[in-house]
Structures are given as C-alpha cells and as structure tokens.
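Data block below; observations after.
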Amino acid sequence: MKEKINKRIIFEILAIVLIAVFCISLTPRTLQNDTFYTIKIGEHIIQEKGIDMIDPFSWHGNLEYTYPHWLYDVMIYLIYSLGGMTGIYISTCIFAVILGITVYKVNSKLAKNKIVSFFITIGVMYMLRDYITARAQLVTFILFVLQIFAIERLIETKQKRYGLALIVISILIANLHVAVWPFSFVLYLPYIAEYIIAILDEKTAKKFGKEVKEGEKLLTKKKDGVKLLVIVMLICVLTGLLTPLGTTPYTYLVKTMQGNTTQNINEHQPLILMNNREVISAIIILLAILIFTKTKIRLCDLIMLGGLTLLMFYSKRQSTMWVLIGGIILNRLIYTWLEICEKEVDIKAINSIISKFEIFALTVIMLSLSFYLIRPKLKTQYIDENMYPVQMSEFILNYFEENNIDISTVRLYNEYNYGSYLLYKNIPVFIDSRADLYTPEFNEGIDIFTDFIESSNLSVYFGDIFDKYDITHVILYKNSKINMIITEANLRGYKLIKADDNFVFYEIVK
C-alpha cells in the first residue's frame, strides 16, 4: 500500500510540473487591447484614491463608467508598476499555471483519478489557449472551477466550509469581473433541478405504489445537501452589494444584453461549429461514450452540458465555460467507462507509468510539445506595432507639444481596436474596447459605439459623423476603408500630418 501511495505522489508531482510547463508555453507575450486600459484604470483608481464612476479617458466628457473589473485593474496596475510589461507577462504565466493545476486537482478530486485527469487538463488548457491573456476572465476561470468543486463537495458532505468558500468566490467574482457574476448562479441550477426531479419521481412512485428505478443512462439522486446549497445561493445573491459599484452587479449584464455591442464584437458572436474542430471532437467523444457504452451520466451533468451548449452556440465566448466544466463531466464519464472495463484502472496505469519507460516518454513528449508551442512566442514583442500605433502615438504627443496644442481640447477620431493603447499613452480617445461605455444603455442619449460602427464600415458617410462630434484630428489604419476613400478621392479638408507603414494621422482643416 505504501508503495502504491508513493507512486501516486510521484505521478502527482510529475503531472503538476508538466502541466505548469505546458501552461507557460500557451501564454502569449503579445498583449491584447484590453490590457492597456486595464493598466490605466488601475492607475486612475489608486492615484485618485477611489472609484468615481466617471470615465477619465474619453474626450466626450462625463461619461458614466461602471468599472466592471476594478479589483483586477488595480491588481494588474500594481504588477505593472513593479515589473512593467514583463511583470504582466510573468503574472499571466502564473495565472495560467494556477488555472491548469486547479483544473487538474479539481478533476482528480471529483472524478477520483489522476491519469485521465492529467490528459483532460492538457486538452482543456489547449482549447482555452486563445483566452489565456492578461484579462479578468483568466482569474474568473480559476474561480468558476473552484466553485464547481465547492458545490459538489457541499452537496456530498454538507460541510459548511464549502458554503463559506462559495460565498467568498461570489464576492471575488463580483469585484473582479462583474459581467460574469450572474453566470455563477447558473452553475447552481443543474444540481437544484436534479433534486427537484428526484423528489417528483419519488412522489410519483409512492402514489402508484412503486419503487424509484435507476435509469439505463441517467442517474438521478436526491441529495439533502442541495437544501444547504440553496441557502448558500440565496446568500450569494446579496454579495453583489459587497462592491463599491452600487447596483452594477445586478444591472450590468442586463444592460449589456439590451445593447448592440454583442452583435458587433467577435467573441460575442454565435459559435460556428464547423470552425471549431476541437469542440466537435469533444462532443463526438461525449456522445460516443453515452451511446456505445454502459456508462451512465448524472442528471445534473446532463442538464449542465445542455445549458452550457446552448450558451456556447449563442456566444462563442461561452465556449470557455463549456470546455472548463464539460472537461470535468467528460473526465467523470471516461473514467466510469474505464472502471467498468477494468477495476482500479487508475492505480494500474500509474504503476505502469512509474515503473517503466513510459514516464520518460511522457516527459519527453510533453516537453517537446511545450517547446514547439512556446518557440514562436519567444520571438514576439509585448506590443504588436502592426496592431497598435506605437510610433504614431509618440509622434502625436510630440506634434501637439511642438505646436502648442492643448491635448485636452483635441477631438481625435480613432478606431476601436487600438483606442485602449491610445488612452494608455494618455491620448484622449473617441472610442476604445470598453464598448459598453459608449452605448445608450450605460449613457442615456449617447450612442458613440453605433456611430463608430456605421462610419467605419461606411454604412453612413464618415464626414457626417466627424461633423457631428466636431472632430479635429483623425488616426486610422492605413488600409482602413475611410483612409482609402480619403486617399483615392483626394478629399479636401484632410491634411496628412504623418503616415507610417500601418497608420495615418490627419488634421481636419475647415
């Protein structure tokens, strides 16, 4: 027995090390646009000593801003102030590693195996690779995985410490990323639904003098721990008040869904299954196990999968939760199937790996794969100068200074994708990737987001939008539709101040 325990410990250490290396290899060096405004908002909160609910970075003036992930912004700014862009990259690597290890530990605890949990974790992290970046979602991924663990342990054991953990997790999410806080309550529903259905089955059976029979494919159990779960969930509803944002946790998602930002931002678009082979593969494996084996699925897991699948098809951003939580369910199904085929399969597999050549082969394969994934990233820069106006923003600041132009009076038209970089460089913006800020749902009577969309795609004449906002200067991608028209039509009133390989900067002459 001692030898078996030692081998399991050895594999656990090996698995954690390999997962950590793999997660680091998935972490990009190049920053996304949200990171730039995250730094500046964190700086603003600390230097201004609080949250004023007013946007300080747009030249539109006095726009109401909800600071939806203020705690994460402060944390990232502190990291940035200590270590610069390198510090942010290292912290992202650390969060990715924490996520990977959390996924592995939660899987191994809930599905009670280590081998399958290891490979599931590798698959989950690989499928999440595009979402491993310095954004609040990376931290909330960790919290959601821990929430599932706490929910299941609370139901099984009725230990109050898991209820306390759920309350703490809810408070953290409400302050780290308020947009996803309502989703945390969705995760409670499958367990409550299974409990209600189990009660109804029990009452129906008693009414007709029969016993409740176990389904051929579905496992439905009435667990009294769900009663405690409902109480905890109701307490968590009140945790939205434990933020400096007022009622924002209760209203933010509703307002966002009422607007048109989700229709125009790529990650909010519906999932096209044919473009996601990894998701297709996972669905095929799930269906194959359920259809062609004797493996049974818990009713709460089936409801969870169904709900997450609907959310995923509604918005591909939700595929992240489908992968994270679906991975736990898939792990449970695979290991149940393996246990049906052979008892103690996990212990036997660990003994085989630890005692033979396989441990060397596994290490070499994982390290080689990690090296293959990280090698191209080592050549990249923290800021992609093809995407962000690094040189042009420096020129703009110098140009205004040399010509005695007060930057606070400038009304600059810029595009959505690099607005965050401009405000990071202390240049007031027309728009940036805080899309909700520029919609009437959050600022009544203002629809800057729609004006930008329609002017940039030429569904309205951009000159009319420039007149509407009294634009004085314009910065554009060199290959943008607006610049092509200005250039090809040789439009009057646009004085070219500077052009480089990727951007152009105009002054509007009236």
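Taking a threshold of 28 Å on the Cα-Cα distance, which of the pairs LYS294/LYS316; LYS105/LYS223; LYS109/LYS294; LYS40/LYS160; LYS7/LYS158; LYS105/LYS379 fall above it? Working shown, then result.
On the way: LYS294/LYS316 32 Å; LYS105/LYS223 24 Å; LYS109/LYS294 23 Å; LYS40/LYS160 40 Å; LYS7/LYS158 32 Å; LYS105/LYS379 33 Å.
Distance filter (> 28 Å) returns LYS294/LYS316; LYS40/LYS160; LYS7/LYS158; LYS105/LYS379.
Compute the distance in nm between two label points, each set 7 Å from the Cα along the Cα-to-Cβ direction, one at ASN457 and one at TYR469.
Each label point lies 7 Å from its Cα, and together they span 1.7 nm.
Could you tell me which of rounded, prolate or oblate describes the range 390-508, using a ≥ b ≥ c as the square roots of the eigenvalues of the alpha-carbon gyration tensor, with rounded for a/c under 1.5 and, failing that, prolate when a/b is larger than b/c and oblate otherwise?
Cα axes put the range 390-508 in the oblate bin.
Could you tell me which GluC sites (Glu not before Pro) in the range 401-455 are loop residues by DSSP with no more than 14 other beta carbons within 10 angstrom of their beta carbon?
In loop regions of the range 401-455 (DSSP not H, G, I, E or B), the sparsely surrounded GluC sites (Glu not before Pro) are GLU444.
For the range 53-69, just list the computed ³J(HN,Hα) in residue order, Karplus coefficients 6.51, -1.76 and 1.60, θ = phi - 60°, integers in Hz, with x standing in for Gly and Pro.
Computed from phi, the couplings for the range 53-69 are 6, 10, 6, x, 10, 8, 7, 5, x, 6, 6, 6, 10, 8, 6, x, 9 Hz.
For ILE94 and GLU385, what does the FRET efficiency come to when R0 = 41 Å and r is the distance between their Cβ atoms, rounded to the nearest 0.05?
Step by step, r from the Cβ atoms, then E = 0.95.
What is the dipole size for the chain, taken about its Cα centre, with +1 at each Lys and Arg Cβ and -1 at each Asp and Glu Cβ, in debye to the nearest 20?
Around 3000 debye, computed over the chain.
At 222 nm, what helix-only mean residue ellipticity would the chain give, in deg cm²/dmol to the nearest 500, using -39500 (n - 2.57) for each DSSP H run of four or more?
It comes out at -20000 deg cm²/dmol, rounded to the nearest 500.
Under the classification rounded if a/c is under 1.5, otherwise prolate if a/b is larger than b/c and oblate if not, where does the range 318-395 fall, given a ≥ b ≥ c as square roots of the Cα gyration tensor eigenvalues?
Numbers: a/c = 7.12, a/b = 2.01, b/c = 3.54.
Verdict is oblate for the range 318-395.
Please figure out what share of the DSSP beta bridges in the chain is antiparallel and state it in percent, rounded to the nearest 5.
Around 70 percent of the beta bridges assigned by DSSP in the chain are antiparallel ones.
What FRET efficiency would be calculated for the residue pair ARG375, PHE119, taking the C-beta separation as r and a Förster radius of 22 Å, to the nearest 0.05?
Calculated value: 0.45.
Return the long-range amide H neighbours of TYR65 (sequence gap of 5 or more, or a different chain), with a cut-off of under 5 Å between placed amide H atoms.
Here the answer is ILE54, ASP55, since their amide H atoms fall under 5 Å of that of TYR65.
So if I place +1 on the C-beta of Lys and Arg and -1 on the C-beta of Asp and Glu, and nothing else carries charge, what would the dipole magnitude of the range 390-508 be about its Cα centre? I want it in debye, nearest 20.
320
Between ASN62 and LEU219, how many nm apart are label points set 7 Å from Cα along the C-beta direction?
Here the answer is 6.1 nm between the modelled labels.
What residues qualify as long-range amide H neighbours of LYS498, i.e. H under 5 Å apart, gap of 5 or more or another chain, H built at 1.01 Å from N?
So LYS498 has HN proximity to PHE505.
Using θ = phi - 60° and the Karplus curve 6.51 cos²θ - 1.76 cosθ + 1.60, what whole-Hz ³J(HN,Hα) does each residue of the range 491-508 get, with Gly and Pro shown as x?
Values per residue, Gly and Pro as x: 4, 7, x, 10, 8, 6, 8, 7, 9, 10, 5, 10, 9, 10, 10, 10, 10, 8 Hz.
I need the GluC sites (Glu not before Pro) found in the range 1-67, filtered to DSSP loop residues with at most 12 other beta carbons within 10 Å of theirs. Walk me through the numbers before you get to the answer.
On the way: sites: GLU3, GLU12, GLU43, GLU48, GLU64; in loops: GLU48.
Passing both the DSSP loop test and the Cβ count: GLU48.
Near ILE151, within a Cβ-to-Cβ distance under 14 Å, what is the net charge of the other residues, with Lys and Arg +1 and Asp and Glu -1?
Residues close to ILE151 contribute a combined charge of +4.
Under the Karplus relation 6.51 cos²θ - 1.76 cosθ + 1.60, θ = phi - 60°, what is the ordered set of whole-Hz ³J(HN,Hα) values for the range 376-389, x standing for Gly and Pro?
x, 6, 5, 8, 8, 9, 5, 10, 7, 6, 7, 9, 10, x
Once amide H atoms are placed 1.01 Å from N in the peptide plane, what residues at a sequence separation of 5 or more from VAL429, or on another chain, have their amide H within under 5 Å of its amide H?
Result for VAL429 returns SER58, TRP59.
Taking K and R as +1 and D and E as -1, what net charge do the other residues with C-beta under 14 Å from the C-beta of LEU310 add up to?
Its environment carries a net charge of +2.
What's the local net charge at ILE101, with K and R +1, D and E -1, over the other residues with C-beta under 14 Å away?
+2
All of the numbers you see were taken from the coordinates with simple rules; none came from a lab. Please read all numbers here as calculations on a predicted model, not as lab measurements. Every residue, glycine as well, gets a Cβ built from its backbone with ideal geometry; the counts of neighbours run over all protein chains shown.
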